[in-house]
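A.B. asks: Let me give you the structure first, and then I'll get to my questions.
A short reminder: the numbers here are calculations on the coordinates, not readings from a lab. Just so it is clear, the model here is predicted, and its values are computed rather than measured. With ideal geometry, Cβ positions are generated from the backbone for all residues, glycine too; neighbour counts draw on all protein chains shown.
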Amino acid sequence: MCFVKSCAKPANCAGAAEFLDFLVRGLGGVEILRHMDGSRIANAQVGVGTCTVMVSEASKAFPAMPASYYLYVENADEAMRRALSAGAHQIMPIADMPYGDRQGGIKDPKGNLWWVAQRLVEGPY
């Protein structure tokens, strides 16, 4: 029996406000909440599809740490265009993969890697 109800991906980054902007403009996310500690973002949450990304301003105790994400999207080509227009850099062009995904890769302005994929076949990966 699994006791986990849900999982949220945390991200500590220098420039949390800019990262939140990328999640919204570049990936179509929806900001759910933002808690401030003075002028510092203590915790913000952005819904990206069915996932939640939690964002905090990096600190000495919790330094910035790039991460890698794999997103399934409805249209990989459009997702790539949107992310690039919001400041991401392409690291792998969109292409059809032998495992049934149409996939490409980007690096966001904070150094995180994002793989955007569109499932082309029925069934598991």
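A.B. asks: Dipole size in debye (nearest 20) for segment 29-117 around its Cα centre, Lys and Arg Cβ +1, Asp and Glu Cβ -1?
C.D. replies: On the way: 8 positive and 9 negative charges, 66 e Å.
Once rounded to the nearest 20, the dipole reads 320 debye.
A.B. asks: Before anything else, pin down the relative contact order of the chain: Cα pairs under 8 Å, at least 6 apart, normalised by residue count, whole percent. Each step should come with its number before you reach the end.
C.D. replies: Working: 256 pairs, mean separation 29.2, N = 125.
Relative contact order of the chain: 23 percent.
A.B. asks: If you project the alpha carbons of the chain onto their three principal axes, what span does each projection cover, largest first, in Å?
C.D. replies: For the chain, the Cα spread along each principal axis is 48, 42, 23 Å.
A.B. asks: So which aspartates and glutamates pass the test for Lys110, namely a Cα distance under 15 Å, with those fewer than 8 places away in the same chain ruled out?
C.D. replies: Straight-line reach from Lys110, under 15 Å: Glu18, Asp21, Glu57.
A.B. asks: Taking the Cα centroid of segment 42-81 and of segment 85-103, what is the distance between the two, rounded to the nearest whole Å?
C.D. replies: Cα centroid to Cα centroid, the span is 17 Å.
A.B. asks: Let me know the longest stretch in the chain that avoids all GluC sites (Glu not before Pro) found in a DSSP loop with at most 12 other C-beta atoms within 10 Å.
C.D. replies: Working: sites that count: Glu74, Glu122.
Result for the longest clean stretch: 1-73.
A.B. asks: Which percent of Cα-Cα pairs in segment 58-98 sits in each 5 Å bin, short to long?
C.D. replies: 5, 16, 22, 22, 12, 10, 8, 4, 1
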